[in-house]
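Visitor: Here it is, the structure in full.
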Amino acid sequence: MRRHAAIALTGIVILVAASATALISHILIDQLGDRLLTTDTYDYVEHRSRFVVFAVAASTVAFMLSRLWNAVFADARRSPTCMRDTIARAARLCAHPLARVATIVFAIVAVVAMEDFDVLRIGGADLSVQAALGGSLWLGLGVTALVAALIMTFATLGMRGVARSYRLLVAVVRDVLLAILPVSGNLRSLDRRERAPFSFTTLRNIVRRAAKRGPPPFLRPISPHT
């Protein structure tokens with residue numbers, strides 16, 4: 001089951017990396033084409049597809065963060081190493097050359113689809129791959145491959161870091177929530193008619209109540225006698 005979870009997480013990372021690569025490469029090809037090419041096919045085209053790709057990537061990242069957030073507390077009821085092992089396995093899979101090749105391929109397809117979408121939207125007819133890559137295959141493919149390799153490298157390193165410091169991250173998240181939840185719970189328990197309008201005074205009272213309880217455990221100094 002954990003193996004399937006790692007494979008699914010790897011697929012999501014590749015999807016997000018390919019979307020980010022397509023968005024960044026599309027912008028870079030547009031900028032570099034103005035300087036390196038005599039004929040830039042991205043000129044005079046309104047690139048609304050960039051917003052669509054950004055929305056897809058942002059939604060996927062939000063979904064991943066929500067699942068990770070839930071897993072932080074699910075680990076307490078299951079195995080404390082379940083999520084950490086899944087992230088570590090997904091990091092190893094993302095480091096595989098096939099994962100990088102898949103990211104590059106998906107990113108190139110996304111770049112071509114983005115430009116074709118923009119051209120069709122304005123009634124254009126040139127839907128060739130070369131035109132979709134800015135007018136030059138070497139420029140479009142080179143920029144996309146380079147950006148994809150860099151993004152997958154950063155993603156792999158980030159996942160490895162999260163896996164290594166997973167216990168600390170879980171402790172920090174839980175301590176922050178334990179410090180915040182009592183204040184928010186007290187505010188929600190008040191009747192709507194008894195609630196004072198939110199102002200600087202209200203914020204000051206919240207801070208004072210939180211200060212009386214002291215800082216979260218992970219911020220408290222450790223006594224040398226303990």
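Every number here is computed from the coordinates shown, using simple stated rules; none is lab data. If you're wondering where the values come from, they're calculated on a predicted model, not measured in any experiment. We place every Cβ from the backbone using ideal geometry, glycine too, and count neighbours over all the protein chains shown.
Visitor: Between Asp175 and Phe63, how high is the FRET efficiency from 1/(1 + (r/R0)^6) when r is the Cβ-Cβ distance and R₀ = 35 Å? Nearest 0.05.
Guide: Plugging the Cβ-Cβ distance into 1/(1 + (r/R0)^6) gives 0.85.
Visitor: Efficiency by 1/(1 + (r/R0)^6): what FRET value for Leu37 and Leu98, r their Cβ-Cβ distance, R0 = 41 Å, to the nearest 0.05?
Guide: 0.80
Visitor: Another one. How large is log10 I(q)/I(0) at q = 0.09, 0.10, 0.18, 0.20 Å⁻¹ when the Debye formula is applied to the Cα atoms of region 2-164, each weighted equally and without solvent?
Guide: Results for region 2-164 at q = 0.09, 0.10, 0.18, 0.20 Å⁻¹ read -0.35, -0.43, -1.01, -1.17.
Visitor: On to the next question. If R₀ is 35 angstrom, what is the calculated FRET efficiency for the pair Ser165 and Ala113, using the beta carbon separation as r and rounding to 0.05?
Guide: According to the calculation, E is roughly 0.40.
Visitor: What ranking do Ile7, Ile29, Ile14 get, fewest neighbouring Cβ atoms within 10 angstrom at the top?
Guide: Fewest-to-most Cβ neighbours within 10 Å comes out as Ile7, Ile14, Ile29.
Visitor: Within 10 Å of each residue's Cβ, count the other Cβ atoms and sort Tyr166, Tyr42 from fewest upward.
Guide: With the sparsest Cβ surroundings first, the list reads Tyr166, Tyr42.
Visitor: Among His4, His96, His26, which comes first, second and so on when ranked by fewest other beta-carbon atoms within 10 Å?
Guide: Final ranking by Cβ density, sparse to dense: His4, His96, His26.
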